[in-house]
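**Student:** Sending over a structure as C-alpha cells; questions will come in a sec.
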Amino acid sequence: MRAVLERENARKRERVRERLRADGSVPYADAMTEVLFDILADERFVRLWTWSQLHGWDDETPPDSPTDLSRLVDAIEEGVHSVLPPPEGPDRARIERVVLLAMSGAYGYALGRRYWLTSLGHDPDDHGHDAAYRTALSSVLAAHLGGSTP
C-alpha cells in the first residue's frame, strides 16, 4: 500500500507542477481549489491517503505528501506579495491558514461528498454540486486571504 501511495503521490505532484507551468500563474484561491479538486477526483487515492494519515506507517515516517506545502506556500506568498506587497498583503501565517483551509475543505468534501449529497437528497454523480462547492470554497478562501481579520 505504501508503494502504491508513493507512486500516486509522485503522479499528483507532477500534475500540480505541469498545471502551474502550463498557466504560469500563482495558485490563488480559485486555481488552488481547482488543482486540489482535480487531485481529489480520484476517490481511490483519497481513501488510500486518508488511511495512511489515520494509521501511519510501520517506521513512523509517512510517505511524501501530494504537494510540498512549504513550497506551495512560498509560491503563493511570492505571487500575492508581487501584487499586494506588505503591509497591504497577507502575511505568511494567513497564507498558510488559507492553504490549510483549502486542503481541509477539499479533502473533507472528497471523503464525505457521496454520503452527504445523497443524505441531502442530491445525486452525488451530478458534478454541478462539485462546481458549486468549489466556487463557494474559493470565495471563502479569497475573502480570508484578502481580509483584515485573523
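The values are calculated or read from the model by the stated rules, or taken from the named source; none is laboratory data. On a predicted model such as this, the values are computed, not experimentally measured, just so you know. Positions of Cβ are backbone-derived with ideal geometry, glycine not excepted, and every protein chain shown enters the neighbour counts.
**Student:** Looking at (1) basic (Lys, Arg); (2) surrounded by 13 or more Cβ atoms within 10 Å (Cβ to Cβ); (3) at pLDDT 80 or above, which is the only condition Arg7 fails?
**Tutor:** Tallying (1) basic (Lys, Arg); (2) surrounded by 13 or more Cβ atoms within 10 Å (Cβ to Cβ); (3) at pLDDT 80 or above, Arg7 fails exactly one: (2).
**Student:** Condition check: closer than 24 Å to Gly128 by Cα, at pLDDT 70 or above and part of a helix (DSSP H, G or I). Does Leu101 satisfy that?
**Tutor:** Yes.
**Student:** Right, another one. Looking only at region 115-150, how many residues end up being in contact with a helix residue (DSSP H, G or I) (Cβ under 8 Å, 6 or more places away or on another chain), touching a residue at least 12 places away in the same chain (Cβ under 8 Å) and not aromatic (Phe, Trp, Tyr)?
**Tutor:** Residues meeting the conditions: 13.
**Student:** Please determine whether any residue of region 84-98 is outside any helix (DSSP H, G or I), at pLDDT 75 or above and of a type in the set (Asp, Glu).
**Tutor:** Yes: one or more hits.
**Student:** Here is a follow-up. Quick check on my filter: what residues within region 94-128 are surrounded by 13 or more Cβ atoms within 10 Å (Cβ to Cβ) and farther than 20 Å from Arg44 by Cβ?
**Tutor:** Listed by number, the residues that qualify are Arg94, Ile95, Glu96, Arg97, Val98, Val99, Leu101, Ala102, Gly105, His122.
**Student:** When Val80 is evaluated against the numbered criteria (1) out of contact with any Pro (no Cβ under 7 Å at 6 or more places or on another chain); (2) over 19 Å from Asp42 (Cα atoms), which criterion, by number, is the only one it fails?
**Tutor:** (1)
**Student:** Would you call Ser139 of a type outside the set (Val, Ile, Thr), under 16 Å from the mean Cα position of the chain (by Cα) and exposed (fewer than 12 other Cβ atoms within 10 Å of the Cβ)?
**Tutor:** No.
Each row is one residue, and each column tells you yes or no for (1) outside any helix (DSSP H, G or I); (2) modelled with pLDDT under 75; (3) surrounded by 13 or more Cβ atoms within 10 Å (Cβ to Cβ).
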| residue | (1), (2), (3) |
| --- | --- |
| Val46 | no, no, yes |
| Trp51 | no, no, no |
| Thr61 | yes, yes, no |
| Ser65 | yes, yes, yes |
| Asp74 | no, no, yes |
| Gly79 | no, yes, yes |
